[in-house]
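This report refers to the structure that appears directly beneath it.
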Amino acid sequence: MTRPAVLVTGGARRIGAAIARAFGAAGWHVIIHYRTSERAARELADSLPEASTVQADLLAEGAAAALSQQLAAQHADWRCLVNSASVFEYDDAASLDPALAARAMRINAIAPARLAQAFLAHSRADARTVIQVTDQKLANPNPDFFSYSMSKHALAATIPMLAKAAESNADRIYGLAPGAILASHDQDEAETERSHRLNLLARRTEASEVADAALFLASGTLASGQTLFVDSGQHLLDQPRDVIFLAREWAGT
């Protein structure tokens, strides 16, 4: 029996790896995309029931189309794309770094948009699902990580546009917006534990919860164009700074 296939970009590490594991456990053939993390990608693939790896620099001209054509030819039922690859680097509203901003826009917005377009153009599955991994910052903005946040807003804009442009009613375009999940930037474990409880439920959201949400979205039971927040209510708050810095301020009082 042929398994349905899912491509997870940035799937070798962090949330991408958690998503890959969830799809693998649910009976999917998982295609783990990596740019430089070959060893991690292969080790993860070896741990799953059925998986393969693919290397691509999605910033290269024509890479998205070439990758989509390759995978569509190899997998007749390639039905899901999860765009989770991203870059998270610091600048703020007072000091936008032009080089960082250009890199964030290319990796976090333009590359997943082009890959989504190519997937919808080339996949031979009867019903296709695109999941764009965004961020709870879309609803709970603050001045930190300015270029990153700007790029995620750009990515979020692709969701309703692609949904309206879909040629088939069976196709679905979704957003998946995690909160603080794993240690990020320069956090140590104690800081991570404090910062990740700064949400309505005062609990740490696990990567497995985001992965389960991605698997749910892949079922296509929600109307296209929606975004699902998995953040223990963090996006419902009004936080003046990123939780990394709020936790440090709280610890210093």
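The values are calculated or read from the model by the stated rules, or taken from the named source; none is laboratory data. In this text, all values refer to a predicted model and were calculated from it rather than measured experimentally. So basically every Cβ, Gly included, is an ideal-geometry build from the backbone, and we count neighbours across all protein chains shown. Areas reflect the complete protein model, heavy atoms only, side chains present, ligands, DNA and RNA absent. Shrake-Rupley method; radii C 1.70, N 1.55, O 1.52, S 1.80 Å.
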### Task
Scan the range 107-129 residue by residue and report those that are closer than 29 Å to residue 232 by Cβ and touching an Asp or Glu at 6+ places or on another chain (Cβ under 8 Å).
129
#### Entry: 1 or more residues open to solvent by 40 Å² or more (accessible area, probe 1.4 Å), in contact (Cβ under 8 Å) with a residue 12 or more places away in the chain and at positive phi: qualifying helices (runs of 4 or more DSSP H) within the range 23-112
none
### Query
Condition test on residue 163, is it surrounded by 17 or more Cβ atoms within 10 Å (Cβ to Cβ), of a type in the set (Gly, Ala, Ser), more than 13 Å from the chain's Cα centre (by Cα) and under 26 Å from residue 233 (Cα atoms)?
yes
### Query
Given the residues 57, 46, which is the only one that is at pLDDT 95 or above, out of contact with any strand residue (DSSP E or B) (no Cβ under 6 Å at 6 or more places or on another chain) and of a type outside the set (A, V, I, L, M, F, W, C)?
46
### Query
residue 196 fails exactly one of the following numbered conditions: (1) buried (at least 19 other Cβ atoms within 10 Å of the Cβ); (2) within 17 Å of the chain's Cα centre (by Cα); (3) closer than 30 Å to residue 98 by Cα. What is the number of that condition?
(2)
### Task
Scan the range 167-187 and give yes if some residue there is small (Gly, Ala, Ser), open to solvent by less than 30 Å² (accessible area, probe 1.4 Å) and in a helix (DSSP H, G or I), otherwise no.
no
### the range 10-21, residues that are open to solvent by 20 Å² or more (accessible area, probe 1.4 Å) and either closer than 11 Å to residue 82 by Cβ or of a type in the set (A, V, I, L, M) (or both)
10, 15
### Task
Just give me the residues in the range 24-40 being in contact with a strand residue (DSSP E or B) (Cβ under 8 Å, 6 or more places away or on another chain) and either more than 17 Å from residue 115 (Cβ to Cβ) or acidic (Asp, Glu) (or both), in sequence order.
24, 28, 29, 38, 40
### Query
What's the number of the condition residue 2 fails, among (1) among the β-branched types (Val, Ile, Thr); (2) in contact with a Pro (Cβ under 7 Å, 6 or more places away or on another chain); (3) assigned to a loop (DSSP other than H, G, I, E, B)?
(2)
### Qualifying residues in the range 199-222 (those that are in contact (Cβ under 8 Å) with a residue 40 or more places away in the chain and either aliphatic (A, V, I, L, M) or buried (at least 18 other Cβ atoms within 10 Å of the Cβ) (or both)) - the one nearest to residue 164 (Cα to Cα)
222
#### Entry: Filtered residues of the range 224-244 (kept if open to solvent by 60 Å² or more (accessible area, probe 1.4 Å), hydrophobic (A, V, I, L, M, F, W, C) and either closer than 21 Å to residue 168 by Cα or in a helix (DSSP H, G or I) (or both))
236
### Task
Can you work out which of the residues in the range 113-145 that are within 26 Å of residue 196 (Cα to Cα) and part of a loop (DSSP other than H, G, I, E, B) is most open to solvent (accessible area, probe 1.4 Å)?
141
